[in-house]
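The values are calculated or read from the model by the stated rules, or taken from the named source; none is laboratory data. Keep in mind that what you see is a predicted model, and the values were worked out from it rather than measured. Every residue, glycine as well, gets a Cβ built from its backbone with ideal geometry; the counts of neighbours run over all protein chains shown. Protein only, heavy atoms only, side chains kept; ligands, DNA and RNA dropped before computing areas. Shrake-Rupley method; radii C 1.70, N 1.55, O 1.52, S 1.80 Å.
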2 protein chains.
Amino acid sequence: MKVRKRLVLVALWIVSLALPAFAADPLPSWNDTAQKKAIVTFVERVTKESSLDFVPPSGRIATFDQDGTLWAEQPMYFQFFFALDRVKALAPKHPEWKDKEPFASLLKDNVKGALAGGERAMLEIVMATHAGMTTEEFAQTVKDWIATARHPKTGRPYTEMVYQPMLELLAYLRANGFKTFIVSGGGIEFMRPWTEKVYGIPPEQVIGSSIKTKFELRDGKPVLVRLPEIDFIDDKAGKPVAINQHIGRRPIAAFGNSDGDLQMLQWATAGSGARFALLVHHTDAEREWTYDRTSSIGRLDKALDEAQAKGWTVVDMKNDWKIIFPFEKR
Amino acid sequence: MKVRKRLVLVALWIVSLALPAFAADPLPSWNDTAQKKAIVTFVERVTKESSLDFVPPSGRIATFDQDGTLWAEQPMYFQFFFALDRVKALAPKHPEWKDKEPFASLLKDNVKGALAGGERAMLEIVMATHAGMTTEEFAQTVKDWIATARHPKTGRPYTEMVYQPMLELLAYLRANGFKTFIVSGGGIEFMRPWTEKVYGIPPEQVIGSSIKTKFELRDGKPVLVRLPEIDFIDDKAGKPVAINQHIGRRPIAAFGNSDGDLQMLQWATAGSGARFALLVHHTDAEREWTYDRTSSIGRLDKALDEAQAKGWTVVDMKNDWKIIFPFEKR
């Protein structure tokens, strides 16, 4: 026993000698600007045991918005394309939709007309396409869709419309003992079937908007049925509420791109000790899209002002990111 | 680089040689009965890569009820003692309680009289003691209470009224790559301030009943205020719903002790592949309490029938547990 214990110690020492050899640039898709430096400096501050700002691994919680932060969100939130495709797929079972808004317009590819009904129309589309099945049936539908659907502009699968610099950032944080969470306004069950594969974030670290579910025994087999009733909207002031409910502690780092993330960034940065907040600013019309203060999707206005006032890190995509999408590397 | 990589491999190989030397009995407080064997057999089935039932670590989700499963629950749920103590502590600020039920009875230590008002009385007690403050204030109150309060029968801190065999089981599962979660009818924010220290279960792996919270800026500082409104009751059919909401995948093992856990065990065992369900049966009047089918707290009736019908593991505390509470060891 004693000899073996010593062997373990020797082995661990050899590992520690060898590890620095692997320390290449963990953020190769980031240009060497102040933004990259701010990230690395923060991570070093909270992970070096000798640092005054050292945070033990259990406290290294980082939360990420999804739409516009981890993957693109133009010309519409991708989940909305899913809903549109579902309306079309389900239409044969709903002959009444031909004369009923918002479905009638959608089936004629008139999205603008469909959304003229405002929030109520949106809710009807969500409920018709996201409720009425079991959780497992819905997860399978999402998996099938995400594997085959293509983005209207790039023709790429949506899971290739993720940001390479953010993938590197997620991996870098995890390599430094962080637990990474998604905190998105999007549907929690729309994300979970694929986030582990795409982002390395397991279902239990995905937080999002939800509808209610109900436990039932069907022929003796337990199922959870998705009900056409909103449970929680994980946006704006809802984000800190959901973070508290799911995680139960305050993140020390938070990442977003729009006013919907403002309260999450406020919440994360108001804790004691070293804190980090970052906003992705969409400034690259050529490689992606340019939008901020007046966009109806991903509006970045108040949060940008607050970032400037408080010294949060703002990523200028055009300037700070060497490449944006993984497929640019090929 | 190449040489160093080889050094790492050699080091890992030495570690792997040395590890079996540490393999003592991981469940020393369990008698060598069929119940202990069932646990070990299940864990080996899902963790051996050569096993047909192998489950990769990411899928090794285990959920535990708390009251009556991880710690005792007699003569009343411990959180109720917390509420009683809070009523007394808050009474000076509420002179009207002297003439108002259920508080008037409580302040005269007449618990039975207070609870004569049924569910409504219970709800009033919970809201008066659990709502109206920020989440951080509430967490501090819980921390202060759990550090000083004593169980009326044993005179021990409540955190010593945990079951030693279950602490070993939690550690054993985690050592085998499981992620352990609490899924309790108790309040989520009542548990989180101390579960990491007591059970090794971090806040983000604690699921429970909750009241609503609201994000606010107070003098520019963000807070979450606890509102006097039920958000979710994590009991019975609510447990699978909450498991799906928080974890997003089905546990492969679930542990409970009462009818409130029946649906969680049904949900866990209805998935494909190897599954494990265990009920703690309180059968030791001398070292703990004896109760099951007719108890008002922790009733074990339907779940016991279903366990017998389905071959779930039922722990007979008197027979299967060498010691029950950690302090028996001393």
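The listed residues are B:LYS329, B:LYS302, B:LYS322, and the only one of them that is at pLDDT below 95 and more than 26 Å from B:GLU189 (Cβ to Cβ) turns out to be B:LYS329. Taken over segment B:287-321, the criterion of being without any contact (Cβ under 8 Å) to a residue 12 or more places away in the chain, open to solvent by 30 Å² or more (accessible area, probe 1.4 Å) and farther than 19 Å from B:MET166 by Cα is satisfied by B:ARG293, B:THR294, B:SER296, B:ASP305, B:GLN308, B:ALA309, B:GLY311.
Tallying residues that are open to solvent by 30 Å² or more (accessible area, probe 1.4 Å) and among the aromatic types (Phe, Trp, Tyr) within segment A:221-277 yields 1. State whether the residues of segment A:115-137 include one that is surrounded by 15 or more Cβ atoms within 10 Å (Cβ to Cβ) and closer than 23 Å to A:LEU262 by Cα. No.
When we screen B:ASP235, B:ASP219, B:ASP231 for residues that are at pLDDT below 95 and charged (D, E, K, R), the only hit is B:ASP219. Against the condition part of a loop (DSSP other than H, G, I, E, B) and in contact with a helix residue (DSSP H, G or I) (Cβ under 7 Å, 6 or more places away or on another chain), how does A:ARG250 come out, does it pass? Taking the combined requirement at face value, the residue satisfies it. Could you list all residues from segment A:190-220 that are within 18 Å of the chain's Cα centre (by Cα) and open to solvent by 30 Å² or more (accessible area, probe 1.4 Å)? If the condition is that a residue be within 18 Å of the chain's Cα centre (by Cα) and open to solvent by 30 Å² or more (accessible area, probe 1.4 Å), then A:PRO193, A:GLU196, A:LYS197, A:VAL198, A:GLY200 are the ones that fit. Does B:ILE324 satisfy the condition of being touching a residue at least 60 places away in the same chain (Cβ under 8 Å), in contact with a helix residue (DSSP H, G or I) (Cβ under 9 Å, 6 or more places away or on another chain) and part of a loop (DSSP other than H, G, I, E, B)? For B:ILE324, the condition - touching a residue at least 60 places away in the same chain (Cβ under 8 Å), in contact with a helix residue (DSSP H, G or I) (Cβ under 9 Å, 6 or more places away or on another chain) and part of a loop (DSSP other than H, G, I, E, B) - is met.
The helices (runs of 4 or more DSSP H) found entirely in segment B:115-221 that carry 2 or more residues being of a type in the set (Asp, Glu) and either touching a Cys at 6+ places or on another chain (Cβ under 6 Å) or more than 14 Å from chain A (Cβ to nearest Cβ) (or both) are B:118-130.
A residue that is farther than 21 Å from B:SER209 by Cβ, open to solvent by less than 60 Å² (accessible area, probe 1.4 Å), touching a residue at least 40 places away in the same chain (Cβ under 8 Å) and touching a strand residue (DSSP E or B) at 6+ places or on another chain (Cβ under 8 Å) can be found somewhere in segment B:142-151. Tell me yes or no: at least one residue of segment A:174-188 is touching a helix residue (DSSP H, G or I) at 6+ places or on another chain (Cβ under 9 Å) and without any contact (Cβ under 8 Å) to a residue 40 or more places away in the chain. Scanning segment A:174-188, I find no residue that is touching a helix residue (DSSP H, G or I) at 6+ places or on another chain (Cβ under 9 Å) and without any contact (Cβ under 8 Å) to a residue 40 or more places away in the chain, so the answer is no. Entry remark, segment A:46-65: residues being in contact with an Asp or Glu (Cβ under 6 Å, 6 or more places away or on another chain) and either within 14 Å of chain B (Cβ to nearest Cβ) or not in a loop (DSSP other than H, G, I, E, B) (or both) number 1 in total. Checking each residue in segment B:248-273 for being in contact with a strand residue (DSSP E or B) (Cβ under 9 Å, 6 or more places away or on another chain) and more than 14 Å from every other protein chain (Cβ to nearest Cβ) picks out B:ALA253, B:PHE255, B:GLY256, B:ASN257, B:SER258. Of all residues in segment A:297-311, those satisfying the criterion of being more than 19 Å from the chain's Cα centre (by Cα) and outside any helix (DSSP H, G or I) are A:ASP301, A:GLY311.
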